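The values are calculated or read from the model by the stated rules, or taken from the named source; none is laboratory data. Just so it is clear, the structure is predicted and the values come from calculations on it, not from any experiment. Ideal geometry is used to build each Cβ from the backbone, glycine not excepted, and the neighbour counts take in all protein chains shown. Only protein heavy atoms, including side chains, enter the accessible area calculation; ligands, DNA and RNA are left aside. Shrake-Rupley method; radii C 1.70, N 1.55, O 1.52, S 1.80 Å.
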Amino acid sequence: MLRMRWVPLLAVAALAASSAWAIQVPLKYTANAQGSSFSAGYKQLELKTTKPAGQWQLPDTVGKYPLYALIKMGDQDRVVMLDRKNADDKFYTRLRIDLNGNGDLRDDPEITTINSDASPNARLVAQNIQFTAKVGGKELPYAAMLSAYCFDADRFASADLSSGDTRQYMYCLMQSACTYAGGFDLDGKHYEVRLADGLLNGRFDDTLQKSTDRGAQAPSGRQPLVTQADQLYITGEGSITGDDGQPLGKYLAIGDKLFSVKIDQAAGMMDLEPVQGDGSVQIPASLKRIALLGDGAEGSVSLFEPAAKVSLPAGQWRVASYQAERKDAQGDLWRLMANGDAGVAPCSVAKGGSAELKAGEPFMPMVDIETAGAGYGMQAQMRFVVLDCNKAQMKGLSHQGNNTKLALSKQNPSLPREPAWQAVTAEGEKVASGSFSYG
């Protein structure tokens, strides 16, 4: 009898211990202020001169070649339409979108835009587009921005767009302008979080995955690991900023604790459920944020301020991206961001095993050179890159503080001074020199 009662008591105790640090994070929708650094997602719209297929109700048009695009917003497709207010406008000056998702653009207000057709360029910008996005059966607010640019307004005004291809003349980008924000406490520390729509689809629960865009292969044969995800901003140090972002993962590791992540956008809730990994991974000390992508069904992991050893599910894990931080001798903070390489071996985590994540130092500067032409007409384009110990490529390096003695860029003091270069012959004769530039 004692034995029969003892087993369920143990089960209850174990359940209580587990749920004691399960976390529910209420999320509040927030439209970004102008100039906000939380706009994680953007998409280049595929504009066509033909009306999209379907039962769309469209307003009358003025210009010869109105343009149309379809975007996914939550569970619905929406039509975007560019037109001219006056037939002789050099570039598009009118923007209409199916904001309420009923398939009829005629009952949606014309969106306020900033227009310019100053030669040679022209633009249309909408900074405050307010949608509703249907997610989980509920209409939810959503904010975005749109920018359309033309490279030659005079040429575009008389362009023949009957083929439907506008890419040689212009491009149009749409960018998210809202987040879901919340906070929680863990081990006596308060954390602030924000979720941003990285895929511009009205959802905030898209975890890290491979992108269909493989990316350009570098001259040396490197192959960047191209991924896509919504963005998780998280900090345990006061107010959250645009520097606090990392890709959203199926799992979230904070310190030495591992959680599964479930986001219910319609309910405004993020659930962090504690899980026990199968094996452990040793993490380089300087890495503050890491995004790992599994080769199979493992999913993805977003690590924030990881402990020296972190428990992970078994699988093959690749470094998608990371952020490393270090202070210099004068106490100024340097922050380095890098993207992983798809061609390197993954970190293998086995049940009961221990593995070491290869990332970070030592870093190696190198120059990619591409040539065109031949003989005296040959031209060379040089690109300065920095690789880590496992071919991850640095994508950003910034500095915060006023005390460093390291040389800084005159154009932007938050960046290190631009590297200088020399070209010499095999005999050591200097034939050219200069400096690289950011961009």
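Pull up segment 83-92, narrow it to residues that are open to solvent by less than 60 Å² (accessible area, probe 1.4 Å) and not aromatic (Phe, Trp, Tyr), then point me to the one that is farthest from residue 54 (Cα to Cα).
Checking each candidate, the answer is 89.
Are any residues in segment 126-167 open to solvent by less than 20 Å² (accessible area, probe 1.4 Å) and either more than 17 Å from residue 79 (Cα to Cα) or free of Cβ contacts under 8 Å to residues at least 12 places away in the same chain (or both), and if so, which ones?
Passing the criteria: 135, 140, 150, 153, 156, 159, 161, 166.
Here's the yes/no breakdown for (1) part of a strand (DSSP E or B); (2) within 30 Å of residue 101 (Cα to Cα):
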{"position": "203", "(1), (2)": "no, yes"}
{"position": "207", "(1), (2)": "no, yes"}
{"position": "221", "(1), (2)": "no, no"}
{"position": "239", "(1), (2)": "no, no"}
{"position": "260", "(1), (2)": "yes, no"}
{"position": "266", "(1), (2)": "no, yes"}
{"position": "280", "(1), (2)": "yes, no"}
{"position": "298", "(1), (2)": "no, no"}
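Pick out the one residue from 302, 286 that is open to solvent by less than 10 Å² (accessible area, probe 1.4 Å), in contact with a Gly (Cβ under 6 Å, 6 or more places away or on another chain) and among the polar types (S, T, N, Q).
The conditions single out 302.
From the set of residues in segment 108-156 that are under 24 Å from residue 41 (Cα atoms) and among the aromatic types (Phe, Trp, Tyr), which is farthest from the chain's Cα centre (by Cα)?
Taking the candidates together, the pick is 151.
Mind checking which residues of segment 378-389 are free of Cβ contacts under 8 Å to residues at least 40 places away in the same chain and outside any strand (DSSP E or B)?
Across segment 378-389, the qualifying residues are 378, 389.
Looking at segment 64-79, which of its residues are closer than 21 Å to residue 157 by Cα, within 30 Å of the chain's Cα centre (by Cα) and in contact (Cβ under 8 Å) with a residue 40 or more places away in the chain?
67, 69
Within segment 260-268, can one find any residue that is farther than 22 Å from residue 351 by Cα and surrounded by 18 or more Cβ atoms within 10 Å (Cβ to Cβ)?
Checked segment 260-268: at least one residue is farther than 22 Å from residue 351 by Cα and surrounded by 18 or more Cβ atoms within 10 Å (Cβ to Cβ).
Report, by residue number, each residue of segment 402-439 that is in contact (Cβ under 8 Å) with a residue 60 or more places away in the chain and open to solvent by 80 Å² or more (accessible area, probe 1.4 Å).
402, 403, 405, 406
With 95, 99 as the choices, which residue is touching a residue at least 12 places away in the same chain (Cβ under 8 Å) and either part of a strand (DSSP E or B) or surrounded by fewer than 16 Cβ atoms within 10 Å (Cβ to Cβ) (or both)?
Criteria check complete, one pass: 95.
How many residues, within segment 179-228, are modelled with pLDDT under 90, surrounded by 16 or more Cβ atoms within 10 Å (Cβ to Cβ) and among the small types (Gly, Ala, Ser)?
Residues that pass the stated criteria total 1.
Restricting to segment 359-392, what's the tally of residues that are among the acidic types (Asp, Glu), closer than 18 Å to residue 284 by Cα and open to solvent by less than 80 Å² (accessible area, probe 1.4 Å)?
So the count comes out to 1.
The rows are residues; the columns are (1) within 24 Å of residue 253 (Cα to Cα); (2) without any contact (Cβ under 8 Å) to a residue 60 or more places away in the chain; (3) basic (Lys, Arg).
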residue: 320; (1), (2), (3): yes, no, no
residue: 328; (1), (2), (3): no, no, no
residue: 340; (1), (2), (3): yes, no, no
residue: 343; (1), (2), (3): no, no, no
residue: 346; (1), (2), (3): yes, yes, no
residue: 365; (1), (2), (3): no, yes, no
residue: 376; (1), (2), (3): no, yes, no
residue: 392; (1), (2), (3): yes, no, no
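With respect to residue 356, is the statement that it is within 20 Å of residue 285 (Cα to Cα), surrounded by fewer than 14 Cβ atoms within 10 Å (Cβ to Cβ) and acidic (Asp, Glu) true?
So residue 356 fits the description; yes.
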